[in-house]
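The values are calculated or read from the model by the stated rules, or taken from the named source; none is laboratory data. A quick note: this is a predicted structure, and the numbers were derived from the prediction, not measured. With ideal geometry, Cβ positions are generated from the backbone for all residues, glycine too; neighbour counts draw on all protein chains shown.
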Amino acid sequence: MSEKVQRLVMRAFRGIPGEMIVDLGKGESIVVYGDNGTGKSTFADALEWYFTGEIELLSHEGRQHAMRHVGVDDDEVTSVEVVTNGALGGKALFPDEREPETFQAMRRETFLLRGRTLADFVNKTKTEKWKALVEILGLDAIESLREDFQRARNELRKESKAAEELVKQYRRALASDGQVVTHETVLSNLQQICEMLGVDPPRSLNQAVDPSWLTAAVGASAVSAKPTNQESLLGEIGALTTPTLDSHLLESWNALVSSERAALLPRAAVVREAKRLVETRTIGARCPVCGQSVNEKELARRIERALVEVMEASRELEYLRDPLVQLTHDLRAAHDKRLSLHKSGHAMGLNLAPVTPLPAAALQGAIDSLGSVNIEAITGYLADLRKWDAAANELAREASSSGPSTRDTQLVMLAALYEQIKGWRRAEDKAARALRAVTLADRVFDAYQAKQKADLTEILKRISGRVAQIYAALHPGEDLAEAVSIEPWTAKGVELAVEFYGSHQRPPHGVLSESHLNSLAISLFLAMAEEFNAQLGFLLLDDVINSFDVEHRGRLAELLAEGFSDWQLIVLTHDQQFFEHLTRRAPSWRKLELTSWSYASGPRTTQYETSGILAAARERLGSGDVQGAATKARRALEEQLQEVCEALWAPLPFRRGQANDKREIGELFKGVRRTLKERAKTLLESVEPLLKHLEADVGATLNVEVHGSRGRSGAREVEAALNRIEALDGMWSCPECRTRVWHRGNPDAARCKCGQSSFPPVRVN
Amino acid sequence: MHRPSAQEFLLALLESLEDLPPDFARRFAEVLKGEDVDRSQAIRRLFEDFAGE
């Protein structure tokens, strides 16, 4: 149910020091007229505050205190009470402690349009219009979710991009010789390293990144490792040993070969032959060799003793000789080994020292000749060997510590490649997941926005049609009237548009006048209220016609009076013509005139119980206020003539700006006469006497300064003038429906609202 | 004019989309119910979860 305001009670509020009551019956429309500063907008402020919880003008910091009348006592309570024909009525107290939820639904409803903010919506950017529309349409929760969704999607995109960049980094690291990195090329590189290490290569990258595979591969590498030549050389150097020299052996040898027993050794064969002879033949008394007489037994004993000595010396010699021969072999082997190492080392760039020549004669010669061994030469040689070994080991250590072995290098390469592959695969997995997330988010988000846009487009289409209708009513006959629309613009924007003589203008600010833009804003306001208001059945327009010329004020009055008769309209205006237009076109509306405002008592009002300013003039006259009656009568005449001129398109001289709407009364008489002369000469002839009388009234009776000096006699003249003004008014008004004959159509085909009266006086010709 | 809630709007949308992962609509709706969490982060995690499944 759309609720209407039946009663508004303001107390100590804004410009009202005490209490002010506006009675709206059962929810009837009202037009409130008053000059600037008479307190009209206080009504608008009261309804705005009650229904939205704030007054936009006072929402800025430091202005809230102005909610209260500045002169009231501290114990005076500021309040606004609204009585409606539904459940929305109540009483708001200042300071306002109502919960924001109280207004949430009502704030979405369109009910207040102020002149000072009239162009706000039209002038908003497309994004601001979108936000405003989204709030009005109650789509703010949907828009808020869209914004969160968009933030989430942007983060997913960022993560996906970072993951993809990491994959690229790994690919750059894995690339060799500019090759394109694929699973196959990386697997191939890995297999090559495995081959060098002598381990089984992985069959796939999945196998390669399995930690158990790496452990097994390193273990297998250790078993199958074959040392290189350099490693072998360094190993051999490290393993060098020097032959052990037994000095006692050499000394014993030398002692033996220097003894007398050793002298027997060369004669050992003779002694053995002598023993054989003695044992095999009878020698007799003479020596069988030299013939000297001998004692055979004695000879045999001497031979036996000699043979024993020889045998003992021989055994001792053999005992010493074997280890000596072994030492000789050891020394030669040690010598040859070092010569070999020297040669190999030279080939590998390892500069080993030359090997000391082997003192072969010192040992081998002594053995062969049963001579003494040169112990000093042997000892010196061994000392040289040890020095050489020490120097060689030092060089070997330097060579070893100068860099890792090839196997170590290969193992390092394998480990590094393993880590890179593992990282690459992880990055690829992460990038793939991130891409899947973004793809899904993009799909849902795009669909979300598309649905939002489609829904909004449908709504805008409905509003656009109604805006165009209303705009056409305000600007009939203009080519623009059917071409107004509200269109989605970008993902988060809406904009007004017009088809301007064949070109699409969005926004229309460049081609429409300020007045046309304001018409557009009013059209939009009314269309949105019709489309979206669910609870509020009243519309409040506060001084919205400032930029309108007289013709369009009349059209707006007509539109409000007829096109929105189902609504309760609360129209505040300082424009007397607009007030008169509404008074005449909507006779059932309530009228309220604010005549002045004072700090102590607030707005002063005059209730318009009868219609029209002429009735007001008669009321003044009846109460003895002749001067007031004359003023009202003159205003009534001016308003009537101005309207006649506008309705009949009288050829008045053009003036710039608002001066065009404020004509001297003499000009208006001329305009009426010229129009009638051109288009209704007969009517002019019958009206001319009346016009002349009225001109005279304007110069005398309705001239307030002259009238003020003539006392009571002026009352009759004023009454006569009022009669004449009413008579002239009757020429343009239908006696049945009381509307003017140009209510329908244009001056060439003018009719009143009910159709019974036309503009025959003009059409007679 | 009916003003749909964000949840109504979203569920209507998800029902109209084909080939969404099973249970996606229900879990998205759950995200909207969580009032004490950063909703954009919850939405991001929802999509990450479904990308990993």
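In this structure, is residue A:57 part of a strand (DSSP E or B) and over 15 Å from residue A:8 (Cβ atoms)?
Criteria not met by residue A:57.
Among the residues of region A:107-123, count how many are more than 14 Å from chain B (Cβ to nearest Cβ) and modelled with pLDDT of 75 or more. Lay out the reasoning, then the answer.
In the first step, residues of region A:107-123 are kept if they are more than 14 Å from chain B (Cβ to nearest Cβ); the result is A:111-123.
Those left that are additionally modelled with pLDDT of 75 or more: A:111-115.
So the count comes out to 5.
Here is a check on your reading of the model: is residue A:338 basic (Lys, Arg) and either crowded, with 17+ Cβ neighbours inside 10 Å or touching a strand residue (DSSP E or B) at 6+ places or on another chain (Cβ under 7 Å) (or both)? Please lay out each step first, then the result.
Details: basic (Lys, Arg): yes; either crowded, with 17+ Cβ neighbours inside 10 Å or touching a strand residue (DSSP E or B) at 6+ places or on another chain (Cβ under 7 Å) (or both): yes.
Criteria met by residue A:338.
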Next on the checklist: I'd like the full set of residues that are surrounded by fewer than 17 Cβ atoms within 10 Å (Cβ to Cβ), touching a strand residue (DSSP E or B) at 6+ places or on another chain (Cβ under 7 Å) and assigned to a loop (DSSP other than H, G, I, E, B), limited to region A:86-104.
Outcome noted: A:86, A:89, A:98
Item to check | Meets criteria (at pLDDT 75 or above and out of contact with any strand residue (DSSP E or B) (no Cβ under 9 Å at 6 or more places or on another chain)) for residue A:535 | outcome: no
Item to check | Residue list for region A:337-389, filter: closer than 19 Å to residue A:240 by Cβ, assigned to a helix (DSSP H, G or I) and either among the small types (Gly, Ala, Ser) or outside the structural domain of residue A:262 (by TED's automatic domain parsing) (or both) | outcome: A:340, A:344, A:345, A:347, A:380, A:383
Item to check | Flag for residue A:498 being within 30 Å of residue A:638 (Cβ to Cβ) and either part of a loop (DSSP other than H, G, I, E, B) or within 42 Å of the chain's Cα centre (by Cα) (or both) | outcome: no
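Which count do you get for residues in region A:450-469 that are more than 10 Å from every other protein chain (Cβ to nearest Cβ) and either under 21 Å from the mean Cα position of the chain (by Cα) or within 30 Å of residue A:167 (Cβ to Cβ) (or both)?
The qualifying residues number 1.
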Item to check | Selection status of residue A:205, touching a residue at least 12 places away in the same chain (Cβ under 8 Å), in contact with a Pro (Cβ under 8 Å, 6 or more places away or on another chain) and either at positive phi or surrounded by 17 or more Cβ atoms within 10 Å (Cβ to Cβ) (or both) | outcome: no
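The rows are residues; the columns are (1) hydrophobic (A, V, I, L, M, F, W, C); (2) within 28 Å of residue A:431 (Cβ to Cβ); (3) at pLDDT 95 or above.
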residue: A:128; (1), (2), (3): no, no, no
residue: A:134; (1), (2), (3): yes, no, no
residue: A:140; (1), (2), (3): no, no, no
residue: A:143; (1), (2), (3): no, no, no
residue: A:147; (1), (2), (3): no, yes, no
residue: A:153; (1), (2), (3): no, yes, yes
residue: A:156; (1), (2), (3): yes, yes, yes
residue: A:163; (1), (2), (3): yes, yes, no
Checklist entry - Across region B:6-53, which residue is nearest to the chain's Cα centre (by Cα) among those that are surrounded by 14 or more Cβ atoms within 10 Å (Cβ to Cβ) and of a type in the set (S, T, N, Q)? => result B:7
Next on the checklist: Which of the numbered conditions does residue A:98 fail, given that it passes all the others? Conditions: (1) in the same structural domain as residue A:44 (by TED's automatic domain parsing); (2) at pLDDT below 85.
Outcome noted: (2)
Next on the checklist: So in region A:440-449, with the set limited to residues that are surrounded by 14 or more Cβ atoms within 10 Å (Cβ to Cβ) and more than 8 Å from chain B (Cβ to nearest Cβ), which one is nearest to residue A:530 (Cα to Cα)?
Outcome noted: A:449
Item to check | Contacts under 8 angstrom Cβ, first residue in region A:46-67 being free of Cβ contacts under 8 Å to residues at least 24 places away in the same chain, partner polar (S, T, N, Q), 6 or more apart | outcome: A:58/A:64
Item to check | Condition check for residue A:81: of a type outside the set (A, V, I, L, M, F, W, C) and surrounded by 15 or more Cβ atoms within 10 Å (Cβ to Cβ) | outcome: yes
Checklist outcome for this item: Taking region A:34-45 and the residues there that are touching a residue at least 60 places away in the same chain (Cβ under 8 Å) and of a type outside the set (Ser, Thr, Tyr), the one that is nearest to residue A:113 (Cα to Cα) would be A:44
Checklist entry - Within the set of pairs 6+ apart or on separate chains, which have a first residue in region A:249-268 that is closer than 14 Å to residue A:363 by Cα, a second that is not in a helix (DSSP H, G or I), and C-beta atoms under 8 Å apart? => result A:250/A:373; A:253/A:372; A:253/A:373; A:254/A:372; A:254/A:373; A:257/A:370; A:257/A:371; A:257/A:372
Item to check | Residue that is at pLDDT 80 or above, hydrophobic (A, V, I, L, M, F, W, C), crowded, with 19+ Cβ neighbours inside 10 Å and outside the structural domain of residue A:214 (by TED's automatic domain parsing), where the choices are A:396, A:434 | outcome: A:396
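Matching residues to (1) touching a Lys or Arg at 6+ places or on another chain (Cβ under 7 Å); (2) under 30 Å from residue A:394 (Cβ atoms):
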| position | (1), (2) |
| --- | --- |
| A:285 | no, no |
| A:303 | yes, no |
| A:309 | yes, no |
| A:346 | no, yes |
Next on the checklist: Return the pair list, or none, for Cβ contacts closer than 6 Å from residues in region A:316-330 that are within 16 Å of residue A:374 (Cα to Cα) to residues that are modelled with pLDDT under 85 and of a type in the set (Val, Ile, Thr), at least 6 apart or on different chains.
Outcome noted: A:324/A:367
Checklist entry - If we keep just the residues of region A:146-179 that are free of Cβ contacts under 8 Å to residues at least 24 places away in the same chain and within 11 Å of chain B (Cβ to nearest Cβ), which is farthest from residue A:436 (Cα to Cα)? => result A:147
Item to check | Of all residues making up region A:28-45, the number that are small (Gly, Ala, Ser), crowded, with 17+ Cβ neighbours inside 10 Å and either modelled with pLDDT under 95 or not assigned by TED's automatic domain parsing to the domain that holds residue A:588 (or both) | outcome: 4
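Mind checking which residues of region A:415-431 are without any contact (Cβ under 8 Å) to a residue 60 or more places away in the chain and either away from chain B (no Cβ under 14 Å) or crowded, with 20+ Cβ neighbours inside 10 Å (or both)? Quick ask: steps written out before the conclusion?
Let us first name the residues in region A:415-431 that are without any contact (Cβ under 8 Å) to a residue 60 or more places away in the chain, namely A:416, A:419, A:426, A:429.
A:416, A:419 - these are the residues of region A:415-431 that are without any contact (Cβ under 8 Å) to a residue 60 or more places away in the chain and either away from chain B (no Cβ under 14 Å) or crowded, with 20+ Cβ neighbours inside 10 Å (or both).
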Checklist entry - Quick one: how many residues across region A:507-559 are polar (S, T, N, Q) and farther than 20 Å from residue A:483 by Cβ? => result 4
